[in-house]
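Read through the structure below, which is laid out as structure tokens, and then see the notes.
Where a number appears in this text, it was derived from the coordinates with a stated rule and is not lab data. Predicted, not measured: the structure shown is a model, and the values here were computed from it. Using ideal geometry, Cβ is built from the backbone for each residue, glycine included, and neighbour counts are taken over all protein chains shown.
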Amino acid sequence: MKKKLSIKRVYDAPGVSDGTRVLVDRVWPRGLTKEKAKIDIWLKEIAPGTELRKWFAHDAAKWKNFHDKYSDELLQNKTAVATLKQLLEKNHCTLVFGAKDELHNQAVVIKIFLHQ
């Protein structure tokens with residue numbers, strides 16, 4: 001049985017209900033120590049490729065295209081997706097991300113992707 005999957009900004013306080021905290025950014029979040037972030041696993045391999053990340057630049061107007069392109073990347077990224085699925089089989093996981101926009105970021109795409 002799959003466990004629950006949540007998403008949360010890495011800058012928000014960690015909570016007991018977070019379960020396994022998985023950072024899904026390719027770059028470590030600015031101004032945050034590893035101790036404060038309380039990251040269990042940094043799965044940077046699942047993050048959008050550098051070219052896609054820079055193109056998107058968290059521009060909500062590009063969201064639909066970003067979602068489609070990143071979903072295609074995830075389809076090709078079988079190893080990282082399998083790693084995340086294995087984590088989910090064992091425990092509740094929270095995908096943590098550094099973006100300010102809580103509705104338009106890679107963690108949202110990953111969550112949608114895994115629930116298809």
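Based on other C-beta atoms within 10 Å, arrange Glu51, Glu102 from fewest to most.
Exposure proxy ranking, most exposed first: Glu51, Glu102.
Net charge near Leu75: determine it from the other residues with C-beta under 15 Å of the C-beta of Leu75, scoring Lys and Arg +1 and Asp and Glu -1.
So the environment of Leu75 carries a net charge of -1.
Set Lys and Arg Cβ to +1 and Asp and Glu Cβ to -1, take the dipole of the chain about its Cα centre, and tell me which of His104, Phe66, Asn91 lies farthest positive.
Towards the positive end, the residue furthest out is Asn91.
Contour minus end-to-end for Ser71 and Asn91, with contour as 0.36 nm per residue of separation and end-to-end as the Cα-Cα distance?
Stretched out fully, the Ser71 to Asn91 stretch lengthens by 4.8 nm.
Given points 7 Å out from each Cα along the Cα-Cβ axis, report the Thr33 to Glu102 separation in nanometres with one decimal.
Roughly 2.6 nm, to one decimal.
Pairs of alpha-carbon atoms within less than 8 angstrom and 6+ residues apart define the contacts here; what relative contact order does region 5-114 have, in percent?
45
Normalised by the number of residues in region 50-116, what is the relative contact order in percent for Cα pairs under 8 Å and 6+ residues apart?
38
Residues of region 51-85 with backbone nitrogen within less than 20 Å of a virtual label 7 Å along the Cα-to-Cβ line of Leu114, please, listed as ranges.
Backbone N within reach: 67-85.
Would you order Val109, Val96, Val16 from fewest to most other beta-carbon atoms within 10 Å of each residue's own beta-carbon?
Val16, Val109, Val96
Anything over 28 Å Cα to Cα? Flag those among Lys34/Lys90; Lys34/Lys62; Lys64/Lys90; Lys34/Lys111; Lys62/Lys90; Lys38/Lys85, in the order listed.
Cα-Cα > 28 Å for Lys34/Lys62; Lys64/Lys90; Lys62/Lys90; rest within.
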